[in-house]
Structure formats: structure tokens, C-alpha cells
Amino acid sequence: MSLLVVGLSHRSAPVSVLERASLAAETQSKLLQDALAAEPAAEATVLATCNRIELYADVDKFHAGVAELSTLLAQHSGVGLDELTPYLYVHYEDRAVHHLFSVACGLDSMVVGEGQILGQIKDALALGQETHTAGRLLNDLFQQSLRVGKRAHSETGIDRAGQSLVTFGLQQLAGGADTADWARGKRALVIGAGSMSSLAAATLARTGVAEIVVANRTRAHADRLVEILGQAGGTGVTARAVEMAAVSDELTRADVVVSCTGATGLVLTGETVAGALGLPFDAAATAVETPAEPAAHLDQHAAWVENGSAATTAQAVRRATVPAQSTGPVRLALLDLAMPRDIDGAAARLDGVRLVDIESLAEASADAPMAADVDQVRTIVSDEVAAFGAAQRAAHITPTVVALRTMAADVVAGEIARLDGRLPDLDEKQRAEITQTVRRVVDKLLHAPTVRVKQLASEPGGAGYADALRELFDLDPQTVAAVSRADLNDPNRGRS
């Protein structure tokens, strides 16, 4: 196993960088195709969420793999390699497995313990399968990460340590008040109809808002979400769908807005929000400083190098760029869960507006206390990493063992055929008994060494046993490779 992951997340990079580096769906597919075209990578998939972009690959050369994957991330994200490099992290082999399992359990999430990441990991696996870039290693790895994440949530209280970004965001909008009391009777506008927007709508319905309006560029998707909300039962929420062109009008009637679209530009400008509230808009007075990579960032990067803490740097940048909020009673609460952002940060400075976005959520969750269950989850992750490594090492020798037993069966068949030529008068019963005896002898001779070699191969440093077995029995490498290909091409292998 030569698993490599190169990526950046809210722990290593400021949201302003993550926002610029976000990958559209079609870009992700092209990235994977280019990764396989690169010499070091045999298979690849990408995990892209609102707060992380990670490229996973099976590589045959570590340094060349890091260089190639880093370059591809820079090319496809549109952020220069020199600018992106300080925020990238690299994990290899068991550390890469440990990282993904931790991510699946919610340990690496912005809100510790959130379960949405499991759906995003499943999407990453599906993308690798659809583009035919995920092979045996990544199929096994991502399938196992989903099982590990589900195990963590079912066997521990990690759910008590965190919640979804939607729930956490609504708590921030409520400003310390009980979320249900705060939401009761409010009119909500949800912009977007994807998985995050659907979760937001369902959460708002459960929280007790009186009305939910869904706006989406594809009206049919908005209609479908409204239909699902109507089927939920028991919430009593009124839901309706509108065209995106109606957002400005709906904004005048809304108390809370949740936006999460795939748009590359702003969906709600500061001027639009001001107009909905009947407020004057001064672009200069409400401008929000969102430095891309000026001298201040270079100084922060120098501090990161000196102190060895990318997380500290990212946190410092977040504190420097989170827009100041207006004071006074809140007339309109805005929750922006998109990456890149949907809502102009300048809206936060308008009187009566409270804006919570990915950046401010990261700031709010930076010092959140972690539940004691987190330690139990970490133990689960460590145990599962060890088990996965052992299984992969054992699987590596399986084609060699199969090839050995195939060779032994061919030898038995050849000897029985030779016996038939020398003793043609044997009856069927005698021939069957002799054949069975020879097979039993061969099986008994091979049983102990093949079982033992599988055990040895599953231990750390056991990769060389497959080579030793091939040498000892003079096995044809092409035969072993054919067994591997047959296993890899099994249509039932690794499918969600």
C-alpha cells in the first residue's frame, strides 16, 4: 500500500484560501483524470467539502507523488502553487489511513462529531467509481472509512460532542437563546436545494419555523425539496418553492435566510440585503477586508514556519477577516454555508442584520470543548487503522498464495494424467481414490506454510513475504498478476 493524501482544510488554511480553492463538480472529475494520467498515481479520488479539499491517490513514488498532486491541486483550483503550498498537508500510508478514518468520525470537522461528512465521503467514493479512477485500494479504504465512522457514532457519544454545521450555525444566529424559542414563528428562506440546503430546511422545520420558502436555479429541485418537507409530518411547517428571480421579494418577508449554492459569485449582495430592509447602502462604509495573500499573510506564514502550527496561522487569519457585526435588534438573520460564499460579508455591517458564515463558524468552534467520548473514538480509529493495514498486507499476498495452489493443482493433474498412461487398467473407483490421496498430500504440505505466510505478511514489514514465496516456488509473475486483475475486476467489489 502506497496511499498518499495531499490537501488543505479549515485546520491548515484560512477560509479565504479555501474559498478560492474550491472545486466545482466538473473540475473534480477532470482533476481525477489528470491525476491518473500523471505517472506516480495508479488510482485517485477527491474529497471536496465546504471546509476541506483532499486528493487521495495510490502512488509508486512518494516525493514525485507529492509534487504531482500538489501541482494538480493548484492547477485545478486556480490558486498558484507558491501561494497554496504553505497551507497543504501530506499524509502517507498508515498516517493517511488514520487521517481519513479521523475525518469520517468527525474528529477533524469544524464542528467535532458532525455526521454530514459520511455522506460527503460516500460521494467522493462514488465519484472515483464513476470516473473509474478508484481502484482496489481506494474502494477498500473509503468503504472501511464509512464503516469506521458509523461505528464511532453507534458505539460512542461523539454525537454529543458536536452537531451539523446547520445546527451549530442556527445556534450562533440565536445568539445564546434557545434555538427553538428563537426560531418559533419565523419565516425562513432557503437558497439552494442540494444536500446541505435540504438538511438546513429539515432542521429549520424541526426547530419550529412557521414557513420555509425554497429558491433554486432549477425549479424542479426546489419543488422536490418542498415535497419532501411536506412528507416529513408533524412539523406543521408551511413550505413553498419559488424561482431564483423571486429571492429579492422573498427577502423582504424573511426573518432568517440560509444559503448554500454552487454559485461562483455572490447570490446576495450587500446592496440587495439593504434594499430588502429599506436601508441605504454605502459600499465604502460596509466594505469588508478579505485579504488574499498580502504582506500580513506573509508575516503569518513566517510565524507558522517558526512555530510549526498551521492551525494557529489559519485561526489568526480568521480572526483578522471575520466581518464586524452590527449592533441592536436583529431584523434579518443570515446563515451562509456555501464555499465560495453566497452572501456578501458587507451585509453584516447593516443595522439589524446578523451574518454567520463558514468563517465565523470556524472562529466560534475553534475553542469549543471536546467531549470525553472523543478519546474513545480516537481509540477506535487507532484499532481500525491497524486492522486495515493488516488486511491490506494480507490481501497483497493472497494472489501469490492462489497462484501457488493453482500450480500445485496443475502438478497433481499432470501426475494423474501420467498415471493413467502407465496404468490404463485402473477402474474409476481406484483412479478417484488415488487422485483424492495425492490432493490430500499436497493440501497438507501447503496448508501450514500458506497459513503462516499470510500471518507473517499481515504484520508490519511483511510485504516481502509475497516476493519470497514467488522465488521459492518459481511462480510466474504473470500468473500472480492475472489473479490480482481478476480480483480487481470483480463487478461486485467495492460498490456502495
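The values are calculated or read from the model by the stated rules, or taken from the named source; none is laboratory data. Note that the structure is predicted; figures quoted are calculated from it, not measured. Counting neighbours? That spans all protein chains shown, and the Cβs are built from the backbone with ideal geometry, glycine included. SASA here: full protein model, heavy atoms, side chains in, ligands and nucleic acids out. Shrake-Rupley method; radii C 1.70, N 1.55, O 1.52, S 1.80 Å.
A few remarks follow.
- If the condition is being out of contact with any Gly (no Cβ under 9 Å at 6 or more places or on another chain), buried (at least 16 other Cβ atoms within 10 Å of the Cβ) and aromatic (Phe, Trp, Tyr), then segment 58-96 contributes only 87.
- Yes/no for residue 478 being in a helix (DSSP H, G or I), surrounded by fewer than 14 Cβ atoms within 10 Å (Cβ to Cβ) and at pLDDT 85 or above: no
- Filtered by the rule that a residue be assigned to a helix (DSSP H, G or I) and free of Cβ contacts under 8 Å to residues at least 60 places away in the same chain, segment 112-129 gives 118, 123.
- Members of segment 404-414 that are free of Cβ contacts under 8 Å to residues at least 60 places away in the same chain and either β-branched (Val, Ile, Thr) or open to solvent by 90 Å² or more (accessible area, probe 1.4 Å) (or both): 410, 411, 412
- From 398, 406, 379, 450, residue being assigned to a helix (DSSP H, G or I), hydroxyl-bearing (Ser, Thr, Tyr) and modelled with pLDDT of 90 or more: 379
- Taking (1) within 30 Å of residue 147 (Cβ to Cβ); (2) in a helix (DSSP H, G or I) in turn, residue 91 satisfies each apart from (2).
- In segment 379-403, the residues that are over 20 Å from residue 472 (Cβ atoms) reach residues that are hydroxyl-bearing (Ser, Thr, Tyr) with C-beta atoms within less than 7 angstrom, at least six apart or across chains, in these pairs: 381/102; 390/458.
- Within segment 29-60, the set of residues being under 19 Å from residue 194 (Cβ atoms), of a type in the set (S, T, N, Q) and either in a strand (DSSP E or B) or in contact with a helix residue (DSSP H, G or I) (Cβ under 6 Å, 6 or more places away or on another chain) (or both) comprises 49 only.
- Among the candidates 109, 12, residue that is crowded, with 18+ Cβ neighbours inside 10 Å, in contact with a His (Cβ under 9 Å, 6 or more places away or on another chain) and not in a helix (DSSP H, G or I): 109
- Contacts under 7 angstrom Cβ, first residue in segment 172-186 being under 21 Å from residue 111 (Cα atoms), partner open to solvent by 60 Å² or more (accessible area, probe 1.4 Å) and of a type outside the set (S, T, N, Q), 6 or more apart: 173/354
- Top-ranked residue of segment 23-56 - restricted to ones that are open to solvent by less than 20 Å² (accessible area, probe 1.4 Å) and among the small types (Gly, Ala, Ser), ranked as farthest from residue 142 (Cα to Cα): 38
- Residues of segment 222-239 that are within 15 Å of residue 187 (Cα to Cα), touching a strand residue (DSSP E or B) at 6+ places or on another chain (Cβ under 6 Å) and open to solvent by 50 Å² or more (accessible area, probe 1.4 Å): 238 alone.
- Residues satisfying the stated conditions in segment 266-285, i.e. surrounded by fewer than 14 Cβ atoms within 10 Å (Cβ to Cβ), free of Cβ contacts under 8 Å to residues at least 40 places away in the same chain and either on the phi > 0 side of the Ramachandran plot or of a type in the set (Gly, Ala, Ser) (or both): 278, 284
- Scanning segment 415-426 for residues that are of a type in the set (D, E, K, R) and either in a helix (DSSP H, G or I) or surrounded by 11 or more Cβ atoms within 10 Å (Cβ to Cβ) (or both) yields 415, 418, 420, 422.
- Summed over segment 142-191, the residues that are open to solvent by 50 Å² or more (accessible area, probe 1.4 Å), assigned to a helix (DSSP H, G or I) and either touching a helix residue (DSSP H, G or I) at 6+ places or on another chain (Cβ under 7 Å) or of a type in the set (D, E, K, R) (or both) give a count of 9.
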